[in-house]
Structures are given as C-alpha cells and as structure tokens.
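Below is one structure, written out as structure tokens; comments come after it.
The values are calculated or read from the model by the stated rules, or taken from the named source; none is laboratory data. In this text the structure is predicted, and so the values were computed from the model without any measurement. Backbone-built Cβ (ideal geometry, glycine too); neighbour counts: all protein chains shown. For accessibility, only protein heavy atoms count, side chains too; no ligands or nucleic acids. Shrake-Rupley method; radii C 1.70, N 1.55, O 1.52, S 1.80 Å.
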Amino acid sequence: MKIEGVIFKSGEIPKKLFKIQYGTIRETRNKTYHDISKGDYVALVEYLLEIPLEEDVVALEESEIIDVSLEDEYENIINKILELRKILYETSVDLDKIVLDDFNFETPDLDEYLEQVESLLTLSGGELPENKEEAIKFIESIEDDKLITKVNLVKKFSDKFPDEQIGAKFLIETAAKVYIVLNDRYVAKSLLKKVLLRYSHLKDYCYEAVKTLESIYKDEGNIIYRRYSKIARVLEVMLRGNS
C-alpha cells in the first residue's frame, strides 16, 4: 500500500502490523520525533501493547507499507527490539512498565490485571545489596512462602543489573513458581514477557519464556497458545542455526 501523509491518527490503537518497504515515516512520542524507514515496523510499541498513539504517525514522503503477521516477522522483530529499546529511552516511554501484550482478539480483564500489578508495585520487597554476587545470593535464599517478595526483588535485580543473564533466569523461574504456587497467571505472564523485551538478545531464555507462556495459555484453554507455539518454533530454528 502506497501512502503519503497520516497513517495513524493521535489516540488511535494500531490494529495491524505494517512494515516499511520504502520511504520515511515519522513517529512522535513525548514531543520527540523519530524517523523510521525500510525494514522498520510502523508504531511497533503501540501495536504490541495495544496502547493509543500520542501523536499522528506520518509518512513524510511517498512510502509503501505492507501488512505483515507477527508470527512471520517475529525473528526480525526480536532483533529490532534492541534498537527499539534505545528509541524508548530517547522518547521517555517507561521501559520498566512495558510487557508484550497477549496478542488477544478479545478484551482482556484489565481491571483484574491492573489490581494484580498494583498490589505488587505497592508491596515492599526490601532493597537488594549493591554488590551483584550478594544480590544473587539474597534472591536465591528467599523461600517460596515469600514469593511476592521474591517477585519484587527479581524485578529490582533486572533493573539494577540489566546486563546480567541470570536476571532472565530469575524472571522465568519466578514466573513458573507464581503460576504453580499462587495460580496467578497475570503476574506470571507479565514476568515472562519482560524476558522477551529486556533479554531479546538471549534466544535460549526467550525460547524458554515462550514455551512457558504457551503452556500457561494452553492450560487456560486460550487459543492464543498457538501463536506462542509458532514463535517457539521460529526460535528453535534460530537456536539450531547458532549451534
């Protein structure tokens, strides 16, 4: 589709994922613009999170965009996320509050989800030691009867030590325990999706997170599990290629 001018209007939630074939498209967040071009995805953050655009998304010149599917483009998207994180910081989007959306066709129970997240954010989990090794030992010492405290500390660890691979491991293990022990699928899924966004360069951990998400959705009887199954197959092929 060839287009020039407004692609998405301010306040609109993108319902389709578009990839740029040629041309220049401008996105604006928090009054800071960013121009994207061939190979980039239009309003990717807003599409994944199903959040409204702050400003119009505009083709600055005649451009061509094509409608693509998340499953087909997932390999490219997870590589683009590394670049996307830089854009998020530059445009003041709060990365810490972002988790990949459910990719659902129906409206999720947002009230229940927000209550769960709010309860976690307002609980005091204590402070992590400044030393990385001490912080790791501290988290590993927390028993399952203090699981909510562990959730908060694991989140703090991934914030304080974002380059440490063990942060991805902590998120996955804690998500599994939250789901099994507390039967809290909302918090479990949010932790797993944080792995996909924050540690997108670690394909093995992304694969483990996706497989766990697939299992949770399948247990729920939610057809969305099929999408995570497809994504898992893509990651599996990528991992074999690296072996």
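Take peptides 187-193, 132-138 and line them up by average Cβ neighbours within 10 Å, highest first, as a rough protection proxy.
On the way: 187-193: 23.6, 132-138: 14.0.
The densest-packed peptide leads the list: 187-193, 132-138.
Sorting the segments 206-212, 219-225 by their residues' average number of neighbouring beta-carbon atoms within 10 angstrom, most packed first, yields 206-212, 219-225. Sorting ARG227, ARG240 by solvent-accessible area of protein heavy atoms yields ARG240, ARG227, largest first, with a 1.4 Å probe. For the range 2-8, the Karplus equation 6.51 cos²θ - 1.76 cosθ + 1.60, evaluated at θ = phi - 60°, returns couplings of 8, 8, 9, x, 6, 9, 10 Hz by residue, with Gly and Pro reported as x.
Straight-line cross-link reach from LYS203 at under 21 Å between alpha-carbon atoms covers these lysines, not counting any fewer than eight positions away in the same chain: LYS80, LYS86, LYS155, LYS169, LYS189, LYS193, LYS194, LYS211, LYS230. Note on THR149: accessible area approximately 50 square angstrom, rounded to 10, probe 1.4 Å, nucleic acids and ligands left out.
Work out, step by step, the length gained on full extension between THR24 and GLN165: first 0.36 nm times the residue separation, then minus their alpha carbon distance; give nm to one decimal. So the extension gain works out to 47.2 nm. If the chain linking TYR33 and ILE3 were pulled fully straight, counting 0.36 nm for each residue of separation and taking away their Cα-Cα distance, it would gain 8.9 nm. Our coupling estimate for the range 193-208, obtained by passing each phi through the Karplus curve with A = 6.51, B = -1.76, C = 1.60 and θ = phi - 60°, is 6, 5, 4, 5, 8, 6, 10, 4, 7, 9, 4, 5, 6, 4, 4, 5 Hz, Gly and Pro reported as x. Ordering GLU143, GLU46 by accessible surface, largest first, gives GLU143, GLU46; the 1.4 Å probe counts only protein heavy atoms, with every chain in place.
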